[in-house]
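**Q** Just passing along the structure, written as structure tokens.
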Amino acid sequence: MKIRFGYELLYCNAQVTPMVLLLAATPSPSQRLLVTDTLRTDPFVAFSRHRDGFGNQCVRLEAPAGTLRISASGLIEDPGTPDPAFWGARETPIADLPADTLMYTLPSRYCESDLLAAEALRLFSHLAPGWSRVQAICDFVRQYVDLDRASPRPTKTALETYNDGQGGSADMAHLAIAFCRAISIPARYATGYLAGSNQRAINASMDFTGCLEVFLDGAWHTFDPSNNARRMGRLIVARGRDAADVTISTGFEPATLQLYRVWADQVSDRHLFEAQIQKDNFVRQVIQAA
């Protein structure tokens with residue numbers, strides 16, 4: 001299936017504001033990027049690209065005083081199959097873990113695995129190690145936490161989510177990550193788009209969605225406790241220890257976000273053909289008028 005995805009952000013700045021943006025999609029090997037989600041700004045500002053310590057593609061720019069619109073739209077071809085499941089995947093002993101996974105066994109800003117260790121051991125230490133134990137953690141989080149996407153608090157931690165039993169998709173991912181780390185399973189946070197025919201709409205508006213990736217049997221695997229099902233049309237934007245590492249924008253002066261739109265919609269070849277005809281007609285009219 002083909003998925004059209006993108007975003008539109010409008011900032012208002014009282015003064016020139018240095019910013020770092022983390023918005024570029026990172027298709028998986030099974031996905032093919034047909035139209036690149038090239039970042040555009042209005043008014044135009046120069047920007048540079050770099051990779052952060054987690055390998056995410058970042059954009060660095062100076063937003064002018066006043067308003068700045070940042071947008072992008074892309075198109076991918078997705079196999080149209082759910083996230084793969086590997087029920088035989090085993091946990092890797094700590095001594096055999098690759099060095100670059102060790103940071104994902106430690107507590108982080110929103111995932112206090114040390115403070116949740118006693119509960120994690122009580123709830124999950126008796127279960128058979130491997131994929132099924134990670135799935136059991138996600139099952140518990142989905143049943144225990146009342147999913148509330150209407151008013152998420154960006155600074156909420158895994159411990160707070162566990163204590164009050166409420167949270168959004170990011171909070172549920174943080175809690176599952178903390179539980180995994182507490183029993184020595186490397187887990188990291190991922191954010192991105194989620195589309196596809198098996199996505200049940202919760203709110204009218206869309207947002208980037210959070211999930212977790214767990215290291216089992218030498219590879220990273222996706223789990224999503226907020227949906228708690230293998231999902232189609234997932235397109236990752238960034239990965240990190242928790243949501244603090246994948247903030248879509250960081251401003252180094254006060255900046256007010258006035259507009260925020262995100263989309264990821266399945267489209268047919270017919271719709272793409274009609275859209276191309278409309279684009280060609282528009283270009284033809286512009287040329288004739290000139």
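**Q** In the range 46-82, what count of residues is obtained for those that are of a type in the set (A, V, I, L, M, F, W, C) and exposed (fewer than 14 other Cβ atoms within 10 Å of the Cβ)?
**A** Just the residues of the range 46-82 that are of a type in the set (A, V, I, L, M, F, W, C), to begin with: 46-47, 54, 58-59, 61, 63, 65, 68, 70, 72, 75-76.
Narrowing the set further to residues that are exposed (fewer than 14 other Cβ atoms within 10 Å of the Cβ) leaves 46, 65.
The number of residues fulfilling the criteria is 2.
**Q** To continue, here is another question. Tell me whether the range 107-119 contains one or more residues that are touching an Asp or Glu at 6+ places or on another chain (Cβ under 8 Å) and in a helix (DSSP H, G or I). Walk me through how you get there before you give the answer.
**A** Of all residues in the range 107-119, those touching an Asp or Glu at 6+ places or on another chain (Cβ under 8 Å) come to 107-111.
Applying the additional criterion that residues be in a helix (DSSP H, G or I) yields none.
For the range 107-119, residues touching an Asp or Glu at 6+ places or on another chain (Cβ under 8 Å) and in a helix (DSSP H, G or I): absent.
**Q** Let me spell it out: the conditions are (1) surrounded by fewer than 16 Cβ atoms within 10 Å (Cβ to Cβ); (2) within 21 Å of residue 231 (Cβ to Cβ), and residue 18 meets all of them except one. Which number is the exception?
**A** (2)
**Q** Please find, within the range 71-118, the residue that is modelled with the lowest pLDDT out of those that are of a type in the set (Val, Ile, Thr) and more than 27 Å from residue 248 (Cβ to Cβ). Don't jump to the end; show me each part of the working.
**A** Narrowing the range 71-118 to residues of a type in the set (Val, Ile, Thr): 76, 81, 92, 94, 101, 105.
Okay, now just the ones that are also more than 27 Å from residue 248 (Cβ to Cβ), so 81, 92, 94.
Details: 81: 90, 92: 96, 94: 96.
Residue satisfying both the conditions and the ranking: 81.
**Q** Right, another one. Could you tell me whether the range 93-111 includes any residue that is farther than 19 Å from residue 178 by Cβ and open to solvent by less than 60 Å² (accessible area, probe 1.4 Å)? Explain how you work it out, then say what you get.
**A** Filtering the range 93-111 for residues farther than 19 Å from residue 178 by Cβ gives 93, 95-96, 98-100.
Those left that are additionally open to solvent by less than 60 Å² (accessible area, probe 1.4 Å): 98.
Within the range 93-111, one or more residues are farther than 19 Å from residue 178 by Cβ and open to solvent by less than 60 Å² (accessible area, probe 1.4 Å).
**Q** Which numbered condition in (1) in a loop (DSSP other than H, G, I, E, B); (2) modelled with pLDDT of 95 or more; (3) within 17 Å of residue 153 (Cβ to Cβ) is the only one that residue 207 fails?
**A** The one condition residue 207 does not meet is (2).
**Q** Tell me which residues, restricted to the range 32-69, are within 17 Å of the chain's Cα centre (by Cα) and of a type in the set (Phe, Trp, Tyr).
**A** 54
**Q** Would you check which residues across the range 120-145 are surrounded by fewer than 20 Cβ atoms within 10 Å (Cβ to Cβ) and assigned to a loop (DSSP other than H, G, I, E, B) and list them?
**A** 125, 126, 127, 128, 129, 130
**Q** Here is a further query. Condition first: touching a helix residue (DSSP H, G or I) at 6+ places or on another chain (Cβ under 6 Å) and open to solvent by less than 50 Å² (accessible area, probe 1.4 Å). Now tell me which residues in the range 83-92 satisfy that.
**A** Result: 89, single match.
**Q** Just the residues that are assigned to a loop (DSSP other than H, G, I, E, B) and farther than 13 Å from residue 236 by Cα, please, taken from the range 38-55. Spell out how you get there, then give the answer.
**A** Going residue by residue through the range 38-55, those that are assigned to a loop (DSSP other than H, G, I, E, B) are 38-39, 43-46, 52-55.
Scanning the range 38-55 gives 38, 39, 43, 44, 45, 46, 52, 53, 54.
**Q** Also, quick follow-up: Would you please name the residue that is modelled with the highest pLDDT, looking only at residues in the range 185-203 that are in a loop (DSSP other than H, G, I, E, B) and open to solvent by 10 Å² or more (accessible area, probe 1.4 Å)?
**A** 196
**Q** Could you list, in sequence order, all residues of the range 91-104 that are touching a Phe, Trp or Tyr at 6+ places or on another chain (Cβ under 9 Å), in a helix (DSSP H, G or I) and not aromatic (Phe, Trp, Tyr)?
**A** Correct list: 101 only.
The values are calculated or read from the model by the stated rules, or taken from the named source; none is laboratory data. As the structure is a prediction and not an experimental result, all values here were calculated from the model. Positions of Cβ are backbone-derived with ideal geometry, glycine not excepted, and every protein chain shown enters the neighbour counts. Heavy atoms of the whole protein, side chains included, go into the accessibility calculation; ligands, DNA and RNA do not. Shrake-Rupley method; radii C 1.70, N 1.55, O 1.52, S 1.80 Å.
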